[in-house]
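The values are calculated or read from the model by the stated rules, or taken from the named source; none is laboratory data. All values derive from a computational prediction rather than experimental measurement. Cβ sites come from the backbone with ideal geometry, for glycine too, and all protein chains shown count toward neighbours. Calculation scope for accessible area: heavy atoms of the full protein, side chains included, ligands and nucleic acids excluded. Shrake-Rupley method; radii C 1.70, N 1.55, O 1.52, S 1.80 Å.
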Amino acid sequence: AIVWDEYLTGPFGLIAQYSLLKEHEVEKMFTLKPGRLPQADVKNIIFFVRPKLELMDIITDNVLREDRGRSPQRDFHILFVPRRSLLCEQWLKEQGVLGSFIHREQYSLDLIPFDGDLLSMESESAFKECYLESDQTSLYHAAKGLMTLQALYGTIPQIFGKGECARHVANMMIRMKREFPGSQNSIFPVFDTLLLLDRNVDLLTPLATQLTYEGLIDEIYGIQNTYVKLPPEKFAPKKQGEGGKDLPTEPKKLQLNSAEELYAEIRDKNFNAVGSVLSKKAKIISAAFEERHHAKTVGEIKQFVSQLPHMQAARSSLANHTSIAELIKDITTSEDFFDNLTVEQEFMSGIDTDKVNNYIEDCIAQKHPLIKILRLVCLQSVCNSGLKQKVLDYYKREILQTYGYEHILTLNNLEKAGLLKPQTSGRNNYPTIRKTLRLWMDDVNEQNPNDISYVYSGYAPLSVRLAQLLARPGWRSIEEVLKMLPGPHFEERQQLPTGLQKKRQHGENRVTLVFFLGGVTYAEIAALRFLSQMEDGGTEYVIATTKLINGTSWIKSLMEKLEPAPF
């Protein structure tokens, strides 16, 4: 039997489904929770857990409540994901249960494939650990993951990076390579370049509302490990004459990835361009079903029948995405969504970033969700290189008086992370950065985009702009701006054994792995995919990250959960 740390079930589901585990003699699966372990007629019980102390307490409770008198006795084993932790083992030892585990191993799951061009470590606290707690464990895991990748796909000859964490990861990779001379592999390199980017080099992008189809699904419903849960009423099969008495109550769970043809086509489009694709597809599909009336001969009928499963899958896929698009449209056409977006766009284009914003004031007065307020205030702060002290104090006071003083710790975290801070240098660098990197485009074409700014309808994600400029004409052209952004920028070369240097054929694309340390949004992924598809781009991008994030999940990870007093 396997006892799962609940957080791991999602990521593991992507690499080993229950059916596969069953084939390998897994009889039962339980979720880790305090109390006695459920009854199961098995000899071995394996705990799959992250090395976190609060989980060790639950395991201790499970083991101590095990009925020692029963026969046959059950054996315990523990697997730490992704690394064993001395602290956890010491803790189990102090509780007197370490000896109960026959095997204590680690399962190094670093990078999990989410899609053909996307890998994630799904470590939700990586940003907080790196920037607030100066805990670099997740960076070590990132370096380990990259070493595994190199062992499989060849040494990456060029490493570029920007930011403190990027520097650490590159240093660890170089050191690991030096410490394991055997890691010199003779595999022809798949990647030409690795670009390591710190999330705090570009704090702006995740705060803005993503406007791609996939980005909006994530903003509104939250995508967890490629699955999304949606309100079921839109997906109820329409039956005649049954005044809808038994509506489903369970949320509809759908998997979203490029294996689904239609989703692959629309996921990275601006939401305003999705409707026309869906209606075109609807026409094509109904025309295909009409074909059956023209099938006269046995051969034609046979051919039609052979295409049927594919057509039916396409029809149900279309129905699902039409429903999702309707759900999203209800929100994007609301007044509040429009007002919120207008303020975001004003900040990003540099309008009135230095004074208290009326809309934010009104939202606080109407007690809108706190995370929404924090996203806007942080966005204003980032677009103004920090707020003037009295503007900052005013916002803080309003937030604490409306939402409660316990949030002072959250505000403190946001300040430490550089998201909500006083303007120290006395001058605002953002306009210079915006102009030099062309972060704001006035004439944006959402239907047939010609620039990455379509993913936010006007704002080009800074992180992706850096990747684009690195490919051509190179970072030397933007030295001045790079100096304004936090952390060092650097370049390292890794020697390849003779005979493995690439001789580039004419018209062959370079492949760049972009690793976001601290999280990446779906809009940034869409922008990189757009660059990969550009005719004259010459670079293909593969994306890796510590976690897939959006503004809400990101801010949430920085909030302090305070338990109210018991009395």
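Under 17 Å from the Cα of LYS396, which lysines turn up, not counting those fewer than eight places away in the same chain?
LYS355, LYS367, LYS372, LYS388, LYS416, LYS421
At a 1.4 Å probe, what is the % contribution of carbon and sulfur to the accessible area of the chain?
Of all accessible area on the chain, carbon and sulfur atoms account for 53 percent.
Only one of the listed values, [x] 70, 58, 49; [y] 96, 62, 50; [z] 77, 74, 70, was derived from the coordinates as Cα extents along the principal axes in Å; which label is it?
This structure yields the entry labelled [z].
What's the extension gain from LYS52 to ALA313 if we count 0.36 nm per residue and subtract their Cα-Cα distance?
89.7 nm
Please give the per residue accessible area of region 503-560, computed with a probe of 1.4 Å over protein heavy atoms only, in Å².
Accessible area per residue, region 503-560: 37 Å².
To the nearest 10 square angstrom, what accessible area does HIS24 show with a 1.4 Å probe?
Rounded to the nearest 10, that gives 130 Å².
Rolling a 1.4 angstrom probe over the protein heavy atoms, how many square angstrom per residue are accessible across region 113-195?
Roughly 40 Å² per residue, with all protein chains present.
Helix-derived [θ] at 222 nm for the chain: sum -39500 (n - 2.57) over DSSP H runs of at least 4, divide by residue count, nearest 500?
-13500 deg cm²/dmol
Go ahead and collect, in residue order, the members of region 87-120 whose backbone nitrogen is under 18 Å from a label point 7 Å along the Cα-Cβ direction of ALA16.
Taking a point 7 Å out along Cα→Cβ of ALA16, the residues of region 87-120 whose backbone N falls under 18 Å are 102-114.
Tell me, what is the 1.4 Å probe accessible area of TYR140, in Å² to the nearest 10?
Taking all protein chains as shown, TYR140 has close to 80 Å².
Just to confirm my numbers, what's the Cα centroid distance between region 374-441 and region 293-312 in Å?
Computed from Cα coordinates, the inter-centre distance equals 61 Å.
Quick check: from the Cα gyration tensor, does region 258-354 come out rounded (a/c under 1.5), prolate or oblate?
prolate
How long is the gain from ILE408 to THR333 if the chain were fully straight, where each residue apart is worth 0.36 nm and the alpha carbon distance is subtracted?
Going from the current span to full extension adds 23.6 nm.
What percent antiparallel are the DSSP beta bridges of the chain, to the nearest 5?
Just about 30 percent of them are antiparallel.
Too long at a 32 Å Cα-Cα cut-off: which of LYS144/LYS435; LYS253/LYS280; LYS283/LYS556?
LYS144/LYS435; LYS283/LYS556, as the Cα separations exceed 32 Å there.
Taking the highest mean first, how do the peptides 117-128, 12-23, 521-532, 370-381 order by number of other beta carbon atoms within 10 angstrom per residue?
Result, highest mean first: 521-532, 370-381, 117-128, 12-23.
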